[in-house]
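Have a look at the structure below before the remarks.
The values are calculated or read from the model by the stated rules, or taken from the named source; none is laboratory data. As the structure is a prediction and not an experimental result, all values here were calculated from the model. Ideal geometry is used to build each Cβ from the backbone, glycine not excepted, and the neighbour counts take in all protein chains shown.
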Amino acid sequence: MKLSTPHLLGIKDLQSHDIRLILDTARQFKEVLQRPIKKVPSLRDITIVNLFFENSTRTRISFELAERRLSADVLNFTAGASSVSKGETMLDTVNNILSMKVDMVVLRHSASGAPHFLAKHISAAIVNAGDGINEHPTQALLDAFSIEDATGGLEGKKIAIVGDIMHSRVALSNIYLLTKMGAEVTVVGPPTLIPKYLAEAFNVRVSYNIKETLEWCDVANVLRIQLERQNQPLFSSLREYNLAYGISRKLLDGLSKKIVIMHPGPINRGVELDSDVADGHESIILQQVENGVAVRMAVLYLLADRGEAGN
Ligand code: CP
């Protein structure tokens with residue numbers, strides 16, 4: 001089986017069979033990562049550059065680890081320490097790197113559409129590691145993988161996406177993925193943080209009632225409040241946000257059933273999630289991070305179009 005696309009620019013472009021292929025391949029790589037020797041030679045002759053024009057902890061380390069586990073040669077590029085600070089464009093930067101015989105580009109950029117622009121101008125395979133407020137496809141894939149682990153599947157599952165939907169690339173990629181795979185999605189948060197067009201444009205429910213939505217769902221994926229992307233205040237204070245929409249122990253203990261709590265990280269503790277929830281028994285946040293390596297191995301491996309996973 002092959003992916004129907006030469007790049008991973010977003011979940012929007014994937015067919016449901018592509019998503020299934022990535023998740024099934026990731027499951028094989030997760031088995032590899034349990035072995036004493038966690039490395040396979042699959043991408044031995046491939047060189048990958050991680051181009052990060054925006055800060056990252058999880059995604060960057062996870063991609064680098066995935067590349068090294070697949071035996072790829074790895075180059076790391078940080079915009080702040082490069083000739084971008086002297087005025088070089090992203091396209092010139094990438095073309096210079098590619099002229100050194102680099103095969104794949106993993107790109108994080110603060111501009112929505114940056115990887116799509118690059119894909120029109122270069123021949124190397126591109127993986128979107130997060131572009132502005134557009135998409136973060138590997139995060140949605142690792143979230144889906146983690147939901148399958150925690151609940152047994154995606155089809156028919158009730159997933160709540162909580163909080164700052166407006167500024168979240170994780171929300172958009174999750175909405176595309178979960179609705180393509182037959183899950184039911186409700187987005188919940190303050191009206192100022194949920195785009196007006198959402199319910200019309202996507203097959204999702206919109207709610208402003210956190211307790212009712214948590215009572216409805218099997219899984220709550222709680223998003224970071226992205227203050228750095230807000231040009232003007234969209235709620236009066238972080239304290240008020242926490243009181244109205246933060247996930248607290250009291251809120252979870254008041255539900256009639258146990259639900260799964262997810263968060264893509266980084267967490268604003270005491271804002272969208274209280275610490276005793278982030279570290280509590282419902283939380284699979286660190287499992288999400290662990291699963292990210294296997295999922296990114298699957299994406300890189302399938303884009304490189306190699307033989308059999310796990311060998
Ligand atoms: N989830 C996520 O993208 O985290 P980083 O910004 O640390 O990569």
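Screening region 259-294 for residues that are assigned to a strand (DSSP E or B) and crowded, with 16+ Cβ neighbours inside 10 Å and picking the one that is nearest to the chain's Cα centre (by Cα) gives Met262.
Tell me, please, whether a residue that is among the acidic types (Asp, Glu), within 16 Å of the ligand (Cβ to nearest atom) and surrounded by fewer than 15 Cβ atoms within 10 Å (Cβ to Cβ) can be found in region 161-182. Checking region 161-182: not a single residue is among the acidic types (Asp, Glu), within 16 Å of the ligand (Cβ to nearest atom) and surrounded by fewer than 15 Cβ atoms within 10 Å (Cβ to Cβ).
So that you can scan it fast, the table gives a plain yes or no per residue for (1) at pLDDT below 95; (2) outside the structural domain of Ile19 (by TED's automatic domain parsing):
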| position | (1), (2) |
| --- | --- |
| Leu70 | no, no |
| Val74 | no, no |
| Phe77 | yes, no |
| Gly80 | yes, no |
| Ser99 | yes, no |
| Arg108 | no, no |
| Ala129 | no, no |
| Leu154 | no, yes |
| Ala160 | no, yes |
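The residue of region 40-83 that is nearest to the ligand (Cβ to nearest atom), among those that are of a type in the set (D, E, K, R) and closer than 26 Å to Val170 by Cβ, is Arg58. Would you point out the residue of region 208-244, among those that are without any contact (Cβ under 8 Å) to a residue 24 or more places away in the chain and small (Gly, Ala, Ser), that is farthest from Lys258 (Cα to Cα)? Per the criteria, the residue is Ser236. Just give me the residues in region 35-44 being within 30 Å of Lys180 (Cα to Cα) and either without any contact (Cβ under 8 Å) to a residue 60 or more places away in the chain or touching a Phe, Trp or Tyr at 6+ places or on another chain (Cβ under 6 Å) (or both), in sequence order. Listed by number, the list holds a single entry, Ser42. Being within 20 Å of the chain's Cα centre (by Cα) and of a type in the set (Lys, Arg) is a description that applies to Lys12.
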